[in-house]
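Since the structure comes first, as structure tokens, the remarks are kept for the end.
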Amino acid sequence: MNRQMKQGKEDFEAQIMQLPVVDTHTHLVGDRLCASDFWEIAHYFWLFRELQAAGYPANAMELPEEERIAAFLEAYKGSRNTMMNMAMTHIFRDLYGIVICDAASVKEADAAVKQSAGRVTWAQEVADRLNVSRFVVNIPEHVDFQGMHENAILIPRIDGKLGGWVKEIESSPNPAGVFAQVREKLTQLLDTYKEAGYPGVMTTLPSYETRANRKVVVGQGSTKDEILMMLLHELGAAAEQRGLLIQLFLGVERSWCGTATPVNDPTRILKLSALFEAYACTFELVVASELNNLDIVQAAWNFPNVHVGGHWWFNFRASTYRDSMQYRLEALPAIKSSLIVSDARCMEWSYGKILLVKRIVSEFLWGQIEAGWIDYDTAIYVAKHWLYQSAAKRYGVAH
């Protein structure tokens, strides 16, 4: 690469890094947004999995500190090629100016995190580093983001209610009657959300054998899957009437073993397509299974009310981002696609994961410019929508 092209690429990446972001799914808690110590960052679920694969013990917090640090360093060095390891490296290098390399650096990092946790402005400072302007949470008690310019966007999570209702209907001697009662509870719940000004609801879905184009009358003998699908029909109708969106998080299964696993179901999205066709509410599809990345793009291409969301759980890898960005660039107007799902439990991890996504976006779009598929202005236009404007429009955030 000649000097002029290299400079152009670096300038482009710098511009991408400063674009605003909506983080569309987090587990941040408003009164404890930041990590309290080094181990809260080091033991983040996704990194912890990779550390375990490199030999880190599952009971690390039970070890004496010196043993734990030694075990961590061995696993950290052993997993240095993985995405989450790279993210953590950037967290400490960029936010704290610390390179994790030995026991002294771990202790220095622990002291630095404890110090920053006591600063009221720290969460906003971290968010500002990548211009992350808004965050989505799913629990009302987590919305009040203390020390930040804006509170979180609340999209209430209803999978617990849906699952409970399915069990209640299935176990009742009068399923039809209970279903009618549940339908009333659902509409009342959505009335409450609409009045509160929430943009919509979020739910995960387990695997389902039935499909949306087979409507049944709920009664004796109705299966759990049939009941669930009919409740989704009720949800779609109620959301349409109230102008609410439905976020569907798909692809993580817990029924095969005690550990959540990704499942690439080739008919997962197809089975829901009759919902997209029947109800004019906005659907946002977020998947954790790699092969479903193309399926949600096809759904969004077919149905104007379907949008594609960020990468969740096992989908958070550079390879899956590159593939799905190619699908999205070729098939969808940029306003139909959001990329950011940090799944962060502290602000530092929101930074680390969004940094990687922005870098991947920059590399991908620069490659498209070099190949002559898009021009510079189009690349910036696409990035703005993927990172911010698409989600901001769906959630009613002022531009």
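Any residue at all in the stretch 221-229 that is within 15 Å of the chain's Cα centre (by Cα), open to solvent by 40 Å² or more (accessible area, probe 1.4 Å) and not aliphatic (A, V, I, L, M)? No: zero hits.
The set of residues in the stretch 19-59 being among the small types (Gly, Ala, Ser) and within 30 Å of GLY396 (Cβ to Cβ) consists of GLY30 alone.
Return the total of residues in the stretch 161-201 being open to solvent by 40 Å² or more (accessible area, probe 1.4 Å), under 18 Å from LEU244 (Cβ atoms), not aliphatic (A, V, I, L, M) and not in a loop (DSSP other than H, G, I, E, B). Qualifying residue count, the stretch 161-201: 9. Restricting the first member to the stretch 237-261 and to residues that are farther than 20 Å from VAL137 by Cβ, and the second to residues that are open to solvent by 60 Å² or more (accessible area, probe 1.4 Å) and part of a loop (DSSP other than H, G, I, E, B), the beta-carbon pairs closer than 6 Å and six or more apart or on different chains are GLU240/ALA280; ALA260/ARG254. What do you reckon, is ALA260 in contact with a Lys or Arg (Cβ under 8 Å, 6 or more places away or on another chain) and open to solvent by 10 Å² or more (accessible area, probe 1.4 Å)? Yes: the conditions hold for ALA260.
Within the stretch 224-239, is even one residue in a loop (DSSP other than H, G, I, E, B), touching a Leu at 6+ places or on another chain (Cβ under 8 Å) and under 19 Å from GLU277 (Cα atoms)? Taking every residue of the stretch 224-239 in turn, none turns out to be in a loop (DSSP other than H, G, I, E, B), touching a Leu at 6+ places or on another chain (Cβ under 8 Å) and under 19 Å from GLU277 (Cα atoms).
Here VAL136 meets each of (1) open to solvent by less than 40 Å² (accessible area, probe 1.4 Å); (2) more than 27 Å from PRO206 (Cα to Cα); (3) out of contact with any Gly (no Cβ under 7 Å at 6 or more places or on another chain) with one exception, condition (2). For the structure I just gave you, tell me whether LEU291 is modelled with pLDDT under 95, closer than 25 Å to ALA260 by Cα and of a type in the set (A, V, I, L, M). Yes: the conditions hold for LEU291.
Is there any pair linking a residue in the stretch 358-370 that is without any contact (Cβ under 8 Å) to a residue 60 or more places away in the chain to one that is assigned to a helix (DSSP H, G or I), with Cβ under 7 Å and at least six apart or on different chains, and which? Correct list of pairs: ILE360/ALA318; ILE360/TYR321; ILE360/ARG322; PHE364/ARG322; PHE364/MET325; GLN368/LEU329; GLN368/ALA379. Restricting attention to the stretch 99-111, the residues that are farther than 19 Å from GLY78 by Cα and open to solvent by less than 10 Å² (accessible area, probe 1.4 Å) total 1.
The values are calculated or read from the model by the stated rules, or taken from the named source; none is laboratory data. A quick note: this is a predicted structure, and the numbers were derived from the prediction, not measured. Counting neighbours? That spans all protein chains shown, and the Cβs are built from the backbone with ideal geometry, glycine included. Ligands, DNA and RNA are stripped out before the accessible areas are found, and what is left, the full protein with its side chains, is counted by its heavy atoms. Shrake-Rupley method; radii C 1.70, N 1.55, O 1.52, S 1.80 Å.
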